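Student: Pasting a structure below so you can have a look.
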Amino acid sequence: MKRIGMLTSGGDCQALNAAMRGVVKALTCSNEEVEIYGFLDGYRGLIYSNFRMLTGADFTGILTKGGTILGSSRTPFKTIKDPDENGLDKVEAMKQNYYKLRLDCLVILGGNGTHKTANLLREEGLNVVTLPKTIDNDLYGTDMTFGFQSAVNIATDCIDCIHTTASSHGRVFIVEVMGHKVGYLTLNAGIAGGADIILIPEIPYDINKVVEAIEARDKRGSRFTILAVAEGAVSKEDAALSKKEYKEKKKNYKYPSVSYEIAEKIQKKTGKEVRVTVPGHTQRGGSPCPYDRVFASRLGAEAGRLILKGEYGFMVGYKNREIVKVPLEDVAGKLKMVEPDSAIIKEAKLLGISFGD
């Protein structure tokens, strides 16, 4: 019999349930007897032994359901080795709960921080298999993460809807897309939605270049301009600051987010009306799109196969259109960024899109 633990950690996203369903389907369709223990609210459940036994019925009808049936939470890697408020050694607690349940493997679904902790548990001797979850698509070692395409669809729909009101009133509209450190989501939604200007963290912007792009559209007779702005977009001036200087500046930051700062500067320089739309957590919610349902199911099925073969210490990823296994030590602690000189950026510029650089 295989005894499997399972948890979802970090921010939620679409297709977490589809991925877990894929794992369980692959395991239960084999001739191996399986017990599934679901840890609730991410690593917190593993630390404090908060779990429940799962049966096949728990995974029925969840292919199309967003979020996660196990619940999730953020347990920062930078504090994972620090004792909790009661002095509990969190890493040791996770190990002991793993051994008490006599688990053969722990299946962990998550993004960058989640994979750092997963790799730590691997180093501590636990059998771990992981699945790449994040709407940011910034996880190293895989070309794609589940949740990304669904989020792109939602952000694109938002930009699509803005087009009609922007053109009706001849305004400048900013759509702020999720992505603190990496701009894949903003880049793809911006191109798909026909944004005129795209600002992402990897390419610091010059506000004067942004204004030039808006004024150039005016001269061509365009009534409106749409900007897709990542929440982590940064100006060239701020990018030149040290981390300490930037933190100090943020202490006195008067804007709800960078989009409102950009909006104010554009309005002052052009005299145009500027509106900001923030779709926010809608980008992480709702039912997974068909692509993510298929993709997450494939990843889950491969994770189940690895478990049945006793191959542990891997993330199931996607490279060159193939499902692959990637050693956890090659994934943990690395961030996949948009390269400023990548083909997609060059092609976007050929389409006339400005990146404010």
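Student: Taking amide H positions as placed 1.01 Å from N in the peptide plane, with prolines and chain starts having none, which residues 5 or more places from Arg74, or on another chain, fall under 5 Å of its amide H?
Tutor: Counting only residues 5 or more places away or on other chains, the set is Gly10.
Student: Can you give the Rg and Dmax of region 164-253 based on its C-alpha atoms, in angstrom?
Tutor: 14.4, 44
Student: Then there's this: Can you give me the angle between helix 16-28 and the longest principal axis of the chain, using Cα atoms only, in degrees from 0 to 90, rounded to the nearest 10?
Tutor: 30
Student: Treating the angle as unsigned and between 0 and 90°, give the value, to the nearest 10°, between the Cα long axis of helix 112-123 and the longest Cα principal axis of the chain.
Tutor: 30
Student: Stokes-Einstein diffusion coefficient for region 195-328 at 25 °C in a medium of 0.890 mPa s, Rh from the Kirkwood formula over Cα pairs: what value in µm²/s?
Tutor: Reported coefficient: 130 µm²/s.
Student: Sorted from largest to smallest, which semi-axis lengths in Å does the alpha carbon gyration tensor of region 260-357 give for its equivalent ellipsoid, taking the root of 5 times each eigenvalue?
Tutor: Working through the eigenvalues yields semi-axes of 40, 18, 14 Å.
Student: Among the aspartates and glutamates, select those whose C-alpha is under 17 Å from the C-alpha of Lys272, and discard any that sit fewer than 8 residues away in the same chain.
Tutor: Straight-line reach from Lys272, under 17 Å: Asp196, Glu212, Glu215, Asp218, Glu261, Glu264.
Student: DSSP beta bridges in region 1-116, what fraction antiparallel, as a percent rounded to 5?
Tutor: Once the DSSP bridges in region 1-116 are tallied, antiparallel ones form about 30 percent.
Student: Here's another thing I want to ask about it. Normalise the Debye intensity by I(0) for region 152-197, one equal point scatterer per Cα, no solvent, then take log10 at q = 0.18, 0.32 Å⁻¹ and round to two decimals.
Tutor: Here log10 of I(q) over I(0) equals -0.49, -1.22.
Student: Given Cα positions, please report Rg to Rh for region 96-195, the hydrodynamic radius being the Kirkwood one.
Tutor: 1.21
Student: What is the Cα convex hull volume of the chain when expressed per residue in Å³?
Tutor: With only Cα atoms used, the chain gives 138 Å³ per residue.
Student: Would you mind checking the tilt of helix 290-309 against the longest principal axis of the Cα atoms of the chain, expressed as 0 to 90 degrees and rounded to 10?
Tutor: Value to nearest ten degrees: 30.
Student: Counting only Cα atoms, I'd like the Rg/Rh figure for region 65-151, Kirkwood definition for Rh.
Tutor: We get a ratio of 0.99 for region 65-151.
Student: Using only the Cα atoms of region 1-128, what do you get for the radius of gyration and for Dmax, in Å?
Tutor: 14.1, 45
Student: Heavy-atom accessible area per residue, region 26-119, 1.4 Å probe: how many Å²?
Tutor: Each residue of region 26-119 exposes 49 Å² on average to a 1.4 Å probe.
Student: What's the extension gain from Ser30 to Asp206 if we count 0.36 nm per residue and subtract their Cα-Cα distance?
Tutor: Full-extension gain reported as 57.6 nm.
Student: Given the chain, what percent of its DSSP beta bridges are antiparallel, to the nearest 5?
Tutor: So the antiparallel bridges amount to about 25 percent of the total.
Student: Given H placed 1.01 Å from N in the peptide plane, which residues other than close sequence neighbours of Ser235 have an amide H under 5 Å from its amide H?
Tutor: Sorted by chain and number, the residues that satisfy this are Tyr205.
Student: Take each of the peptides 170-178, 108-116, 252-260, average the number of other beta-carbon atoms within 10 Å over its residues, and list them starting from the highest.
Tutor: The densest-packed peptide leads the list: 108-116, 170-178, 252-260.
Student: Still on this structure, I have one more. Over the alpha carbons of region 204-271, what is the largest minus smallest coordinate on each principal axis, giving the biggest first in Å?
Tutor: Extents along the principal axes: 44, 21, 19 Å.
Student: Would you mind putting 300-306, 186-192, 314-320, 91-97 in packing order, based on average other-beta-carbon counts within 10 Å, highest first?
Tutor: Peptide ranking by packing, descending: 186-192, 300-306, 314-320, 91-97.
Student: Same structure, new question: Just order 148-160, 4-16 by mean Cβ neighbour count inside 10 Å, highest at the front, would you?
Tutor: Ranked by mean Cβ neighbours within 10 Å, highest first: 4-16, 148-160.
The values are calculated or read from the model by the stated rules, or taken from the named source; none is laboratory data. These figures come from a predicted structure and were not determined experimentally. Positions of Cβ are backbone-derived with ideal geometry, glycine not excepted, and every protein chain shown enters the neighbour counts. Side chains included, ligands, DNA and RNA excluded: accessible areas come from the protein's heavy atoms. Shrake-Rupley method; radii C 1.70, N 1.55, O 1.52, S 1.80 Å.
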